[in-house]
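Here, each number is a calculation from the coordinates, and none is a lab measurement. Predicted model, so just to flag it, every value in this text is computed and none were measured. All Cβ positions, even for glycine, are placed from backbone atoms using ideal geometry, and neighbour counts span all protein chains on display.
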Amino acid sequence: MAYEVIRRRMKYDGALVRVRVDTVVQPDGSRAEREVAEHADSVAIVAVDDRQRVLLIRQYRHPAGQYLWELPAGLCDKPGEPPLGTAQRELAEEAQLRAAAWRTLVDLRPSPGISTEVCRVYQAEQLEVEEQAGSRPDEESELRSRWVPLRQAVSEVLTGASPTASL
């Protein structure tokens with residue numbers, strides 16, 4: 001059962017995120033304020049090639065203050081585009097790849113204590129180079145990519161290891 005919201009105030013309305021403060025009634029009857037970051041949903045793609053390697057993308061992430069190796073991913077921010085369409089578009093934009101086989105792995109809530117975002121993670125297989133691959137959009141022009149053996153990628157995730165390979 002959801003807590004009753006008795007007041008909602010918008011504190012910030014930006015290009016990528018809106019922040020509101022909800023006043024809620026807790027089960028004991030007391031009131032509390034909860035900050036909520038309204039954020040578009042997202043997708044991430046575990047692209048696996050025929051050699052059982054996973055594609056990682058390296059890009060600068062300002063909130064982290066560093067370059068990170070990540071799965072290809074993106075926001076579900078185009079009206080009417082289904083999550084799978086977003087995943088297909090992001091794989092083409094970030095990696096110049098398309099996949100013939102797609103399946104949903106999991107829906108995650110990366111920060112459920114503060115954000116409304118849900119991230120759907122897909123597995124993409126039967127990969128081919130995108131025929132119409134051209135230049136990347138400006139925000140993705142600095143992306144680098146590398147293929148990591150699936151076992152190594154899983155190990156790095158489970159141990160919290162940071163990939164150190166350079167390009």
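The residue among Gly85, Thr23, Ser115 whose Cα reaches farthest toward the positive pole of the charge dipole of the range 1-151, with charges on the beta-carbon of Lys, Arg, Asp and Glu, is Thr23.
The three principal axes of the C-alpha atoms in the range 3-81 carry coordinate ranges of 57, 31, 26 Å, sorted with the longest axis first. Between Arg7 and Asp107, residue separation times 0.36 nm minus the direct Cα-Cα distance comes to 33.1 nm.
Principal-axis analysis of the Cα atoms of the chain puts helix 150-159 at an angle of about 30° to the longest axis. Where only DSSP H runs of four or more residues are counted, the chain gives -4000 deg cm²/dmol as its mean residue ellipticity at 222 nm, each run worth -39500 (n - 2.57). Taking every alpha-carbon pair under 8 Å whose residues sit at least 6 apart, the range 1-114 reaches a relative contact order of 16 percent.
Against the chain, whose longest principal axis is taken from its Cα atoms, helix 83-95 shows a tilt of about 50°.
If you take the square roots of the eigenvalues of the alpha-carbon gyration tensor of the chain and sort them as a ≥ b ≥ c, do you get rounded (a/c under 1.5), prolate (a/b over b/c) or oblate? Cα axes put the chain in the prolate bin.
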